[in-house]
Amino acid sequence: MTTTPTTAATTTTATTHTARPIAPRALEELRTTDDAGRPTTPFTDTEGGAPLRCCLRRSEPGERIALVSYAPLRRWAAETAAAPGAYDEVGPVFIHAQPCDGPAGASLPFTGAHRTVRRYSAQGHILGGRLVGEPDGFEQALTEAFDDPAVALVHVRAVEYGCFLYEVRRDYGAGRG
Ligand SMILES: [Zn+2]
């Protein structure tokens, strides 16, 4: 088997948990002004391989994308009674520059590198985290996180850059959301 460019593939892991992309309404806003208040500047991705938080896959060369500041906890808190306070963070994410179809599958994306699974309470406070080094470790780390009844939400983040990749929320069961 020949070596393929690491930038072209998105390693995914089968799961019972749901990786949530950035919500359509937030994407619509981010495509104009990002969460740091800066105007969004689309560009053509000549190399590909950018982890897209709208589709939860890596970009293909030639796609129009944008790098924007995103506040995942603030966006989540706006839907809940949470008050993250100082835990609110804004960081860089890649998104498609235009409306897109969203994720194609139900697997956990971006599992081919070291990640942190960071746990948050219903108040939006950090409860801890775990370093995950192998694709097989994600399911266990998520199950462990939600075994703690105090955990409402986790962020999967890149280790070296610290960037937010996606969130996983507690599954309250069928019919509840
Ligand atoms: Zn997209």
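Quickly run through the range 102-113 and pick out the residues that are outside any strand (DSSP E or B) and either surrounded by 19 or more Cβ atoms within 10 Å (Cβ to Cβ) or at pLDDT 95 or above (or both).
Taking the range 102-113 as the starting set, the residues that turn out to be outside any strand (DSSP E or B) are 102-107, 109-113.
Correct list: GLY102, PRO103, PRO109, PHE110, THR111.
When the range 46-70 is examined, which residues are found to be in contact (Cβ under 8 Å) with a residue 24 or more places away in the chain, part of a loop (DSSP other than H, G, I, E, B) and more than 13 Å from the ligand (Cβ to nearest atom)?
Across the range 46-70, the qualifying residues are GLU47, GLY48, GLY49.
Just to verify a result, which residue in the range 88-101, among those that are buried (at least 19 other Cβ atoms within 10 Å of the Cβ) and among the β-branched types (Val, Ile, Thr), is farthest from the chain's Cα centre (by Cα)?
Restricting to residues being buried (at least 19 other Cβ atoms within 10 Å of the Cβ) and among the β-branched types (Val, Ile, Thr), the top hit is ILE95.
Within the range 41-65, take every residue that is over 19 Å from the mean Cα position of the chain (by Cα) and hydroxyl-bearing (Ser, Thr, Tyr) and give me the one that is surrounded by the fewest Cβ atoms within 10 Å (Cβ to Cβ).
The qualifying residue surrounded by the fewest Cβ atoms within 10 Å (Cβ to Cβ) is THR46.
Since GLY105 meets every condition but one in (1) closer than 26 Å to GLY124 by Cα; (2) out of contact with any Lys or Arg (no Cβ under 8 Å at 6 or more places or on another chain), which condition does it not meet?
(1)
Which of the numbered conditions does VAL156 fail, given that it passes all the others? Conditions: (1) at negative phi; (2) without any contact (Cβ under 8 Å) to a residue 40 or more places away in the chain; (3) touching a Lys or Arg at 6+ places or on another chain (Cβ under 6 Å).
Result: VAL156 fails condition (2) only.
So ASP88 ticks every box in (1) of a type outside the set (A, V, I, L, M); (2) touching a strand residue (DSSP E or B) at 6+ places or on another chain (Cβ under 6 Å); (3) more than 22 Å from THR143 (Cα to Cα) but one. Which box is left unticked?
Going through the list (1) of a type outside the set (A, V, I, L, M); (2) touching a strand residue (DSSP E or B) at 6+ places or on another chain (Cβ under 6 Å); (3) more than 22 Å from THR143 (Cα to Cα), ASP88 breaks only (2).
Just to be sure I understand, how many residues within the range 93-131 are within 13 Å of ALA158 (Cβ to Cβ) and within 16 Å of the ligand (Cβ to nearest atom)?
Total meeting the criteria: 4.
Just checking, how many residues over the range 76-101 are part of a strand (DSSP E or B), without any contact (Cβ under 8 Å) to a residue 60 or more places away in the chain and of a type in the set (Val, Ile, Thr)?
0
Quick test of your reading of the structure: TYR166 fulfils all but one of (1) farther than 20 Å from ALA14 by Cα; (2) within 16 Å of the ligand (Cβ to nearest atom); (3) of a type in the set (Phe, Trp, Tyr). Name the failing condition by number.
All conditions pass for TYR166, except number (1).
Picking from GLY137, GLY129, which residue would you name as being closer than 16 Å to THR12 by Cβ, more than 13 Å from the chain's Cα centre (by Cα), of a type in the set (Gly, Ala, Ser) and crowded, with 16+ Cβ neighbours inside 10 Å? Talk me through it step by step, then tell me what you get.
On the way: GLY129 fails: closer than 16 Å to THR12 by Cβ.
When all the criteria are applied, what remains is GLY137.
The values are calculated or read from the model by the stated rules, or taken from the named source; none is laboratory data. Model, not experiment: these values are computed from the prediction. Virtual Cβ from ideal backbone geometry, glycine too; neighbours counted across all protein chains shown.
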